[in-house]
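Q: Before we start, here is the structure in question, set down as structure tokens.
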Amino acid sequence: MRTLLPFALAAALTGCVIYDEELVWDDGTPVGDDPADRDPADRPSPPSDDPATGFSVTPDRGQPGETLILFVDSEAGELGDVVGAEMFGPSDLIVTAVASGGASTFVVTVAIPDDAASGPNDLLLERADGTVEFLDDVFRVQ
């Protein structure tokens with residue numbers, strides 16, 4: 001009802017009102033649509049548990065021609081057993097050195113080629129037991 005009065009005033013003053021937004025509830029359900037009537041396949045899926053949650057990379061961007069030292073940090077303190085790293089993405093980044101920075105930090109030295117393509121790049125961390133952590137879109141070449 002509160003929105004009706006401003007629309008009525010706007011229509012009276014301008015002569016035309018175009019309302020081009022679909023009203024939805026917080027879960028993405030259109031207003032007037034009963035969630036119980038929807039097909040379960042159409043319901044939004046909950047976010048997946050990403051094993052890489054809690055990781056951060058600093059710095060997270062660089063320029064072609066630079067060589068940078070990246071600090072990979074984990075809030076959970078679970079990087080003490082990481083032994084290797086590899087970068088994937090459109091920029092063809094080169095990992096030149098790796099080192100442990102303690103239980104919650106891992107250090108990766110990355111060379112960005114002069115002709116590197118811009119875009120997001122992924123980081124793969126290899127643990128001593130052979131398992132890996134895949135960190136998606138953690139470093140961007142500008």
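Q: If each of ASP92 and PHE134 carries a label point 7 Å out from its Cα toward its Cβ, how far apart are those two points in nm?
A: Spacing of the two 7 Å Cα→Cβ label points: 2.3 nm.
Q: For the range 55-141, what mean projected area does the convex hull of the alpha carbons give, in nm²?
A: Details: hull surface 18.7 nm².
Over every viewing direction, the Cα hull of the range 55-141 projects on average to 4.7 nm².
Q: Turning to a different aspect of this structure: With Cβ to Cβ distances under 15 Å as the rule, what net charge do the other residues near ASP129 carry (K, R +1; D, E -1)? All intermediate terms of the calculation are to be shown ahead of the outcome.
A: Values: positive: ARG127; negative: GLU78, ASP81, GLU126, GLU133.
Net charge in that neighbourhood comes out at -3.
Q: Determine, for LEU124, LEU70, the number of other Cβ atoms within 10 Å of each Cβ, and report the residues in order from fewest to most.
A: Details: LEU124 14, LEU70 22.
So the residues, fewest neighbours to most, are LEU124, LEU70.
Q: Please give me the summed charge of the neighbours of SER100: other residues whose Cβ is under 14 Å from its Cβ, Lys and Arg +1, Asp and Glu -1.
A: Numbers: positive: ARG127; negative: ASP73, GLU78, ASP81, GLU126.
Value of the local net charge: -3.
Every read-out reported here was derived from the displayed coordinates using simple, explicitly stated rules and does not represent laboratory data. The structure displayed is predicted, hence computed values, not measured ones. Backbone-built Cβ (ideal geometry, glycine too); neighbour counts: all protein chains shown.
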